[in-house]
Amino acid sequence: MNKKGQLMIWVIIAIVLVSSIIIYFYTERSISSLSKENTDPKPYIEKCARQAVEEAIDKMLPQGGFIEPKNYKKYDDVKREYLCRHTGYYKPCINQHPAYLDDLRIEIENYTRAKVEKCFTDLKNSMGKKKESMTFGPLSLSAEIMPSRVRLNIERNVIISAGDMSVNVKDFDAEVLSPLYDLASTAMAIVNEEVRNCYFEYTTYDLMHPKVSITKHVMSDSTKIYSIKDKDSFKTLTFALRGCGIPPGYG
């Protein structure tokens, strides 16, 4: 009876040990799965946000840097925003966007905000199908236009839960390679010269800045359509400019 009692105790201890090991590994696997594999929102949100930024830039570039141009000249059936304009004759144009880079930044922020909101909503719906829940706070979003790239800074408190476990993520960053900064800087150089001299020597500028190629088309109303192409990416910023116009029948 003594031996049977001892054997029974060892069996119980073994069962407890095996059960503890199974529970431990199951819990660790569940936590790992929750925090790293299935429910990490960063890769999805950042990829989705990058696509929104790229879409915004592609819409902006042909239209002088604006999603919905308001002061524009149609050329090849596309609205080209006037970056510099004087509606009369002989006088130099007036810079219409003296804080041009800030204007571009605001365009990106305004366009991407709704897109990024949808990114979070789509992810939340996807989590629900996996029997996981997702809650988030207010969205804070800002864009930075820097040499060779555009960055979207996204801050939002996100909590993802599955059972008794949860993970918390706050910061999301989306960055895309883009010549937007360099193209915009070249556009401002053109505007500044047109304001001073009613003319921009773009062939000389091309020689001194081999990364870009500039073309100009002059329309019948003295509007000049400038196109600035980045030679590496072939992305092109096109805008309108009118200054120092000559009345029809003169000159």
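Take the residues in the range 45-89 that are touching a Ser or Thr at 6+ places or on another chain (Cβ under 9 Å) and among the small types (Gly, Ala, Ser), then tell me which one is surrounded by the fewest Cβ atoms within 10 Å (Cβ to Cβ).
If we take residues in the range 45-89 being touching a Ser or Thr at 6+ places or on another chain (Cβ under 9 Å) and among the small types (Gly, Ala, Ser), then 52 is surrounded by the fewest Cβ atoms within 10 Å (Cβ to Cβ).
Please go through the range 102-124 and give me each residue that is buried (at least 17 other Cβ atoms within 10 Å of the Cβ) and among the hydrophobic types (A, V, I, L, M, F, W, C), ordered by number.
104, 108, 116, 119, 120, 123
Among the strands (runs of 3 or more DSSP E) lying completely within the range 157-247, list those that include at least 3 residues that are closer than 30 Å to residue 49 by Cα.
In the range 157-247, the matching strands (runs of 3 or more DSSP E) lie at 165-177, 224-230, 236-242.
Looking at the range 209-221, which of the residues that are out of contact with any Lys or Arg (no Cβ under 6 Å at 6 or more places or on another chain) and hydroxyl-bearing (Ser, Thr, Tyr) is modelled with the lowest pLDDT?
Taking the candidates together, the pick is 220.
Which of the residues belonging to the range 192-251 are touching a Phe, Trp or Tyr at 6+ places or on another chain (Cβ under 9 Å), surrounded by 15 or more Cβ atoms within 10 Å (Cβ to Cβ) and of a type in the set (A, V, I, L, M)?
212, 214, 225, 228, 237, 240, 241
Is it the case, given these coordinates, that residue 129 is under 20 Å from the mean Cα position of the chain (by Cα) and more than 24 Å from residue 104 (Cβ to Cβ)?
No, not satisfied.
If you scan the range 51-104, which residues turn out to be modelled with pLDDT of 95 or more and of a type in the set (Ser, Thr, Tyr)?
Within the range 51-104, 72, 75, 82, 100 qualify.
Is there any pair linking a residue in the range 75-96 that is of a type in the set (Asp, Glu) to one that is part of a loop (DSSP other than H, G, I, E, B), with Cβ under 7 Å and at least six apart or on different chains, and which?
Between residues of the range 75-96 that are of a type in the set (Asp, Glu) and residues that are part of a loop (DSSP other than H, G, I, E, B), the close pairs are 81/64; 81/65; 81/66; 81/69; 81/71.
Return a yes/no flag: does the range 131-139 have any residue that is touching a residue at least 24 places away in the same chain (Cβ under 8 Å), out of contact with any Leu (no Cβ under 9 Å at 6 or more places or on another chain) and crowded, with 19+ Cβ neighbours inside 10 Å.
Of the range 131-139, the ones touching a residue at least 24 places away in the same chain (Cβ under 8 Å) are 131-135, 139.
Still in the running and out of contact with any Leu (no Cβ under 9 Å at 6 or more places or on another chain): 131, 133, 135, 139.
If we keep only those that are crowded, with 19+ Cβ neighbours inside 10 Å as well, we get none.
Checked the range 131-139: no residue is touching a residue at least 24 places away in the same chain (Cβ under 8 Å), out of contact with any Leu (no Cβ under 9 Å at 6 or more places or on another chain) and crowded, with 19+ Cβ neighbours inside 10 Å.
Please determine, by comparing only the residues of the range 96-108 that are in a helix (DSSP H, G or I) and of a type outside the set (Val, Ile, Thr), which one is farthest from the chain's Cα centre (by Cα). Outline the logic, then answer.
Taking the range 96-108 as the starting set, the residues that turn out to be in a helix (DSSP H, G or I) are 100-108.
From what is left, the residues that are of a type outside the set (Val, Ile, Thr) are 100-105, 107.
On the way: 100: 17, 101: 14, 102: 14, 103: 14, 104: 11, 105: 10, 107: 10 Å.
Among those that are in a helix (DSSP H, G or I) and of a type outside the set (Val, Ile, Thr), it is 100.
Of the numbered conditions (1) assigned to a loop (DSSP other than H, G, I, E, B); (2) of a type outside the set (Phe, Trp, Tyr); (3) at pLDDT 90 or above, residue 251 fails exactly one; give the number of that condition.
Result: residue 251 fails condition (3) only.
Checking residue 111 against (1) within 19 Å of the chain's Cα centre (by Cα); (2) without any contact (Cβ under 8 Å) to a residue 40 or more places away in the chain, which test does it fail?
Among (1) within 19 Å of the chain's Cα centre (by Cα); (2) without any contact (Cβ under 8 Å) to a residue 40 or more places away in the chain, the lone unmet condition for residue 111 is (2).
Only one of (1) in the same structural domain as residue 224 (by TED's automatic domain parsing); (2) at pLDDT below 95 is not met by residue 187, so which one is it?
So residue 187 meets the others, but not (2).
Consider only pairs whose beta carbons are under 6 Å apart and that are at least six residues apart or on different chains; among these, list those whose first residue lies in the range 38-66 and is over 30 Å from residue 166 (Cα atoms) and whose second residue is of a type in the set (Phe, Trp, Tyr) and not in a loop (DSSP other than H, G, I, E, B).
56/111; 64/239
The values are calculated or read from the model by the stated rules, or taken from the named source; none is laboratory data. Because the structure is a prediction, the values reported are computed rather than measured. Positions of Cβ are backbone-derived with ideal geometry, glycine not excepted, and every protein chain shown enters the neighbour counts.
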